[in-house]
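Report on one structure; see the data block that follows.
The values are calculated or read from the model by the stated rules, or taken from the named source; none is laboratory data. Nothing here was measured: the structure is a model prediction, and the numbers come from that model. FYI the Cβ positions are ideal-geometry reconstructions off the backbone, even for glycines, and counts take in every protein chain you see.
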Amino acid sequence: MCIMVNILISKYIGGDGTEPTSERIYLLKSGPSTSIQWAGEDDGLPTTQKIDDPTLNVTTSFGYNGSAQGPSIAQSEGYTISGQTSATEAGTYTLYVTPNAGYTWQDGSSGAKQLTWTITQAQQSSAAFSNAAATTFGQNLALSLSGVQENASVTYSVAAGTGAAHIENGVLIPDKAGTVTVTATIGATKNYAGTTITQTVTIGKAEQNFTLDQSQLSAFTTGKFTVSGASGALSFGAIDNDVIKVNADGTYEVKGVDSATITVTAAGDDNHNKDADVYSADVHDGRLQGRNERHDKIL
């Protein structure tokens, strides 16, 4: 009688002889004479080959750049790579490496190896202020940005420096001449991280545009000038004192009949420059008749 038994024998192929690199099925024949016979594929018996673990210590973090990217895992006939192997948008992804039929990992297991990898959000590096960096008191400044990606939301705030301002609906409204710091806060999107950028805006002093009250010119031979729209202390004078005498406080006295030139100076303030203008008038019959004429500034 002959008895045949299948036995699994690890076959050492290469290496240092401490770990089997493959396994084969052998036949043990017991009878009048006992022998061990190789049962190869021709005998229809299964074989199992051990393979090295895939190298997963590859780059697992990528920055969003608008193109498809992902970890580079070496291909092998011994395993299949599945799952998310590449992506374009920012996020966290997972891929799997699973031994094919007839293959195991070196520890004899055949479960899938898992690798988690990410594409991180990019920065809004091209975002910049596109509005002017200077305005004057009394002139509002519409704020704007260029280079903002993916229609990210933008909000503005302002901090006082030597000057002051406030913001309404994206418009900078000066409150005091000087410098202020505007901060634009850009919201996060799918592929871009939120960030802030700043701009220093200079608020210059405004020019004055005051007017001499012409109704006072024809009142009497004596009177006092009034000025509207001026900033800072006022001072007056007359270029031709033979016709009219004008005191620094704006009081005047008609002294003759002819043309006269009156000077008005406004000292200015924190938000307005100093300004000086000249006005012409005609004196007839002892009265000062305004010609409603304003000459160029004399500063």
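Name the residue that is surrounded by the fewest Cβ atoms within 10 Å (Cβ to Cβ), counting only residues in the range 138-152 that are in a loop (DSSP other than H, G, I, E, B) and in contact with a Leu (Cβ under 8 Å, 6 or more places away or on another chain).
ASN140
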Discussion item. Looking at the range 76-124 only, could you name the residues that are in contact with a helix residue (DSSP H, G or I) (Cβ under 9 Å, 6 or more places away or on another chain) and in a loop (DSSP other than H, G, I, E, B)?
Written reply: GLN124
Worksheet entry | Residue, farthest from ASP52 (Cα to Cα), within the range 117-129, restricted to residues that are polar (S, T, N, Q) and surrounded by 13 or more Cβ atoms within 10 Å (Cβ to Cβ) | GLN124
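Kindly provide the set of residues from the range 168-179 that are in a strand (DSSP E or B) and either out of contact with any Asp or Glu (no Cβ under 8 Å at 6 or more places or on another chain) or hydrophobic (A, V, I, L, M, F, W, C) (or both), ordered by number.
Going through the range 168-179, the residues in a strand (DSSP E or B) turn out to be 168, 171-176, 178-179.
Result: GLU168, VAL171, LEU172, ILE173, PRO174, ASP175, GLY178, THR179.
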Item to complete: Quick one: count up the residues across the range 217-250 that are farther than 30 Å from HIS272 by Cα and either at pLDDT 85 or above or in contact with a helix residue (DSSP H, G or I) (Cβ under 9 Å, 6 or more places away or on another chain) (or both).
Response: 0
Worksheet item: Checking THR135 against (1) assigned to a strand (DSSP E or B); (2) at positive phi, which single condition isn't satisfied?
Response: (2)
Discussion item. Suppose the filter is over 29 Å from PHE62 (Cα atoms), small (Gly, Ala, Ser), assigned to a loop (DSSP other than H, G, I, E, B) and at pLDDT 95 or above; does ALA159 pass it?
Written reply: no
Worksheet entry | All positions within the range 75-111 that are surrounded by 15 or more Cβ atoms within 10 Å (Cβ to Cβ) and aliphatic (A, V, I, L, M) | ILE81, ALA87, ALA90, LEU95, VAL97
Worksheet item: Consider GLU168 against the criteria (1) surrounded by fewer than 20 Cβ atoms within 10 Å (Cβ to Cβ); (2) modelled with pLDDT under 95: it satisfies all of them except one. Which criterion is unmet?
Response: (2)
Practice prompt. Scan the range 158-208 for residues that are at positive phi and free of Cβ contacts under 8 Å to residues at least 12 places away in the same chain and jot them down.
Written response: ASN169
Discussion item. Need the failing condition index for GLY66 against (1) under 24 Å from the mean Cα position of the chain (by Cα); (2) part of a strand (DSSP E or B); (3) small (Gly, Ala, Ser), just the number.
Written reply: (2)
Discussion item. Condition first: closer than 19 Å to LYS190 by Cβ, polar (S, T, N, Q) and out of contact with any Leu (no Cβ under 9 Å at 6 or more places or on another chain). Can you find one or more residues in the range 107-115 that meet it?
Written reply: no
